[in-house]
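The values are calculated or read from the model by the stated rules, or taken from the named source; none is laboratory data. Only a predicted model underlies this, so the values are computations on that prediction, with no experimental measurement involved. Every residue, glycine as well, gets a Cβ built from its backbone with ideal geometry; the counts of neighbours run over all protein chains shown.
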Amino acid sequence: MVDDILQNKNNIKMQIKNLNFYYGTHQVLKNINLDIKSNIVTAIIGPSGCGKSTLIRSLNRMNDIITGIKIEGDILLDHKNIYDEDIDVVEIRRKIGMVFQRPNPFPKSIFENIAYGLKINNLTSNTRELKKQVETSLQNAALWEEVKDRLNTSALDLSGGQQQRLCIARALAVQPKVILFDEPCSSLDPIATSKIEELIQKLKEKYTIVIVTHNMQQAARVSEYTAFLMSGELIEFDITEKIFTNPTQKITEDYITGRFG
Amino acid sequence: MNKRKLKEKLAYLFLELMVLIILFSIGLMFYFIISRGIRIINWEFLTQMPRKAMTAGGIFPAILGTFYLTISTICFALPLGISAAIYLTEYATQNRLIRIVRVSINNLAGVPSVVFGLFGLAIFVKFLHFGVSILSGSLTLGVLILPIIIQTSEEALSAVPKSFREASLALGATKWQTIQKIVLPNSFSGILTGSIISIGRATGETAPILFTAVTFYTMRLPNSIFSEVMALPYHIYALMTEGTHPESQVPIAYGTALVLVFLVLGLNLIAIIWRNRFRRSKKW
């Protein structure tokens, strides 16, 4: 497996270069450098408040909607800086999908939740096409069988795990290249969590995936690469197996063995 | 009975008594208005012109005038107020200027309505030469209720969870698409309820239209927005303060009050029904 990963070495999808991030005068991220490779899962772990959510939200410019922030450095998607002036941030967010900490379906029907992204991005030309794409997205998120008979009922009637898979389907529908998961299982029970993890394993065949998690076992289970972040600094970034069995830094070892955090 | 339980019981009785006093006052008010007004109300009263220097006949021109004023006020105040609220909650960055705007709006809500009347007289009637007219009156009423519409709309907009906005933006929606398709539909009932209640307030106001829109008596029904009109609240005032036949004018005033109260209650009822209908379909 390690060989497979190394073969992909040159296949870099996103690149974070000298990233500094400030909330007002408080520096949250300090000179982060990180390569995110295609079609694998990159996990970001670290104690609460280490900046991992800020980091992942910088990748699709979701931090832009917060006032009083300052960001320095480059984040490249396919070798193009997504913070360049000529970049359309709306298009960036379509290409880099996001699944949030708490399932956040719209208070609409299951069908409309998926159709929303397709409609606003003009991705379908007619109703038949729309229906087909909604079905495909739900299938790809392993939700179709459970909801196919009640597409017109409210998405809020689904269970938490189903809602989160609906949010994944919704993200898939707009044909992203990268999908960011910001602690996607933090509000879910173990069974729903394992379904999401299975799904992530399947999705990496087609998409590049970044997942933030506070759950180290989860990082070990789902990811090929792991970044350990602490106090806004990238302490260590390596193949997941190595991080969890033979980390270079003492502090990484302390964290993964549960000595703090 | 120990002391703690006694205190509990006393507190409960006291609060219950207060509620009963309020209910009693409201009941009394309705009883007087209805019992004195109902005798005079009939089809003719609602559809005829006043006769014999307003000691007989109906109040049709006043009903029509109030109707026109209300409709025009809606036309001015709703688009303006709702747009301002959208700008303030969705677009404006939280800087000093925006804070000053917010504070000004809040203070505007506390300005006495007669001051708005004078403002309307100076600006709309005189300066802009709209004269004493439906236009001047409804603009003045619009300014009066703008702060209420903005405040309630802002509340309704802010009540839409941030996570909905984030989800929409993360899918590649523009800010405007997010507002239009996610934020507005989910705050619609709140905006509407606030608006209808504020319009009810405008309908019942006398002072703002006193110098800007109404006339004591006119034979002609309004034919354009530049016409001066009779209106229900001012009609009551006129009947009670002018004229020489109180014995026939006072009952007409009560009848007019009853019509006005039902009009405003009707508007509020619509707001309540609307809100409940939307609330049922909303679960977040």
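Summary of computed values
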read-out: Single unsatisfied condition, residue B:179 versus (1) assigned to a helix (DSSP H, G or I); (2) free of Cβ contacts under 8 Å to residues at least 60 places away in the same chain; (3) within 14 Å of another protein chain (Cβ to nearest Cβ); value: (2)
read-out: Residue within segment B:158-175 that is more than 14 Å from every other protein chain (Cβ to nearest Cβ) and either surrounded by fewer than 21 Cβ atoms within 10 Å (Cβ to Cβ) or part of a loop (DSSP other than H, G, I, E, B) (or both) present; value: yes
read-out: All positions within segment A:96-119 that are in a helix (DSSP H, G or I) and facing another protein chain (nearest Cβ under 8 Å); value: A:116, A:117
read-out: Test result for residue B:148, in a helix (DSSP H, G or I), touching a Lys or Arg at 6+ places or on another chain (Cβ under 8 Å), within 22 Å of residue B:90 (Cβ to Cβ) and within 12 Å of chain A (Cβ to nearest Cβ); value: no
read-out: Residue pairs meeting the criteria (Cβ under 6 Å; at least 6 apart or on separate chains; first more than 14 Å from every other protein chain (Cβ to nearest Cβ), in segment B:261-284; second at pLDDT below 85 and in a helix (DSSP H, G or I)); value: none
read-out: Only listed residue being within 14 Å of chain B (Cβ to nearest Cβ) and touching a residue at least 60 places away in the same chain (Cβ under 8 Å), chosen from A:222, A:174, A:212; value: A:174
read-out: Residue ID - surrounded by the fewest Cβ atoms within 10 Å (Cβ to Cβ), chosen from residues in segment B:227-250 that are farther than 19 Å from residue B:38 by Cα and modelled with pLDDT of 85 or more; value: B:241
read-out: Hits in segment B:205-223 - residues which are of a type in the set (S, T, N, Q) and free of Cβ contacts under 8 Å to residues at least 12 places away in the same chain; value: B:223
read-out: Test: residue in segment B:85-108 that is within 18 Å of residue B:206 (Cβ to Cβ) and surrounded by 22 or more Cβ atoms within 10 Å (Cβ to Cβ); value: no
read-out: Subset tally (residues that are within 17 Å of residue A:139 (Cβ to Cβ), in contact with a strand residue (DSSP E or B) (Cβ under 6 Å, 6 or more places away or on another chain) and of a type outside the set (Gly, Ala, Ser)) for segment A:150-179; value: 4
read-out: One residue from A:71, A:12 being among the hydrophobic types (A, V, I, L, M, F, W, C), crowded, with 16+ Cβ neighbours inside 10 Å and without any contact (Cβ under 8 Å) to a residue 60 or more places away in the chain; value: A:71
read-out: Any hit, segment B:185-208, residues being away from chain A (no Cβ under 14 Å), crowded, with 16+ Cβ neighbours inside 10 Å and not in a helix (DSSP H, G or I); value: yes
read-out: Unmet criterion (only one of (1) within 14 Å of chain B (Cβ to nearest Cβ); (2) in contact (Cβ under 8 Å) with a residue 40 or more places away in the chain; (3) within 22 Å of residue B:164 (Cβ to Cβ)) for residue A:151; value: (1)
read-out: Single condition residue B:18 does not satisfy, out of (1) modelled with pLDDT of 95 or more; (2) surrounded by 12 or more Cβ atoms within 10 Å (Cβ to Cβ); value: (2)
read-out: Residue count for segment A:122-133, restricted to those that are surrounded by fewer than 19 Cβ atoms within 10 Å (Cβ to Cβ) and either within 10 Å of another protein chain (Cβ to nearest Cβ) or within 24 Å of the chain's Cα centre (by Cα) (or both); value: 2
read-out: Residue identified as among the hydrophobic types (A, V, I, L, M, F, W, C), touching a Gly at 6+ places or on another chain (Cβ under 6 Å) and within 20 Å of residue A:106 (Cα to Cα) among A:179, A:196; value: A:179
read-out: Options A:155, A:173, A:169, A:141: the member that is buried (at least 18 other Cβ atoms within 10 Å of the Cβ) and farther than 16 Å from residue A:109 by Cα; value: A:141
read-out: Matching residues in segment A:61-95 - criterion: being among the aliphatic types (A, V, I, L, M) and either more than 11 Å from every other protein chain (Cβ to nearest Cβ) or in contact with a Lys or Arg (Cβ under 7 Å, 6 or more places away or on another chain) (or both); value: A:69, A:71, A:75, A:76, A:77, A:82, A:87, A:89, A:92
read-out: Test result for residue A:45, of a type in the set (Val, Ile, Thr) and crowded, with 16+ Cβ neighbours inside 10 Å; value: yes
read-out: So residue B:131, is it within 20 Å of the chain's Cα centre (by Cα) and small (Gly, Ala, Ser); value: no
read-out: Residue within segment B:233-255 that is within 28 Å of residue B:85 (Cβ to Cβ), away from every other protein chain (no Cβ under 14 Å) and of a type outside the set (S, T, N, Q) present; value: yes
read-out: Residue match in segment A:182-197 (condition: more than 14 Å from chain B (Cβ to nearest Cβ), surrounded by fewer than 23 Cβ atoms within 10 Å (Cβ to Cβ), among the β-branched types (Val, Ile, Thr) and more than 18 Å from residue A:41 (Cα to Cα)); value: yes
read-out: Test: residue in segment B:210-226 that is within 14 Å of another protein chain (Cβ to nearest Cβ), crowded, with 21+ Cβ neighbours inside 10 Å and of a type in the set (Val, Ile, Thr); value: no
read-out: Selection count, segment A:51-66, where residues are part of a loop (DSSP other than H, G, I, E, B) and within 17 Å of the chain's Cα centre (by Cα); value: 3
